[in-house]
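Colleague: Below is a structure I'd like to ask you about.
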Amino acid sequence: MTDMPTFEARLARAKFRAWHRGTREADYMIGGFFDRYASEWDHPTLEWFEELLAEDDVDVMAWALKTAPVPEKFQGEQIEKMQALDYVDIPR
């Protein structure tokens, strides 16, 4: 028997981490990104997101807002989707 979490368990953990960042702005950006795209993810994409969650919110938000260069390991289709910011839904 293995202690490795299932894909679904990893998704659930990633969702929690995405929506509990510490600031409302980061929650909306990172949590909103998760809600919009997670249903399309495969294992490599989830691994990418899990690595992204380990980064500081200030850095992730700067990459998404294009105010700082994106590190090579995060470059590609997923960060480009995050940079579109079309998934952020801010309740009023």
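The values are calculated or read from the model by the stated rules, or taken from the named source; none is laboratory data. Only a predicted model underlies this, so the values are computations on that prediction, with no experimental measurement involved. All Cβ positions, glycine included, derive from the backbone under ideal geometry; neighbour counts span all protein chains shown.
Colleague: Name the residues in the stretch 19-40 that are among the hydrophobic types (A, V, I, L, M, F, W, C) and either in a loop (DSSP other than H, G, I, E, B) or within 16 Å of Ala62 (Cα to Cα) (or both), would you?
Modeller: Residues satisfying the conditions are Ala26, Met29, Ile30, Phe33.
Colleague: Further question: Which residue is farthest from the chain's Cα centre (by Cα), if the candidates are limited to the stretch 66-92 and must be of a type in the set (A, V, I, L, M) and at pLDDT below 95?
Modeller: Filtering the stretch 66-92 down to residues of a type in the set (A, V, I, L, M) leaves 68, 70, 79, 82, 84-85, 88, 90.
Still in the list and also at pLDDT below 95: 84-85, 88, 90.
On the way: Ala84: 13, Leu85: 12, Val88: 12, Ile90: 17 Å.
Result: Ile90.
Colleague: Can you confirm whether Ala62 is closer than 23 Å to Phe7 by Cα and aliphatic (A, V, I, L, M)?
Modeller: no
Colleague: Are any residues in the stretch 12-37 under 14 Å from Tyr87 (Cβ atoms), modelled with pLDDT of 95 or more and aromatic (Phe, Trp, Tyr), and if so, which ones?
Modeller: Selection gives Trp19, Phe33, Phe34, Tyr37.
Colleague: How about the stretch 48-70: which of its residues are in a loop (DSSP other than H, G, I, E, B) and either among the hydroxyl-bearing types (Ser, Thr, Tyr) or within 23 Å of Arg13 (Cβ to Cβ) (or both)? First the steps, then the outcome.
Modeller: Step one: of the stretch 48-70, the residues in a loop (DSSP other than H, G, I, E, B) are 54-56, 65-70.
Of everything in the stretch 48-70, those that are in a loop (DSSP other than H, G, I, E, B) and either among the hydroxyl-bearing types (Ser, Thr, Tyr) or within 23 Å of Arg13 (Cβ to Cβ) (or both) turn out to be Ala54, Glu55, Asp56, Thr67.
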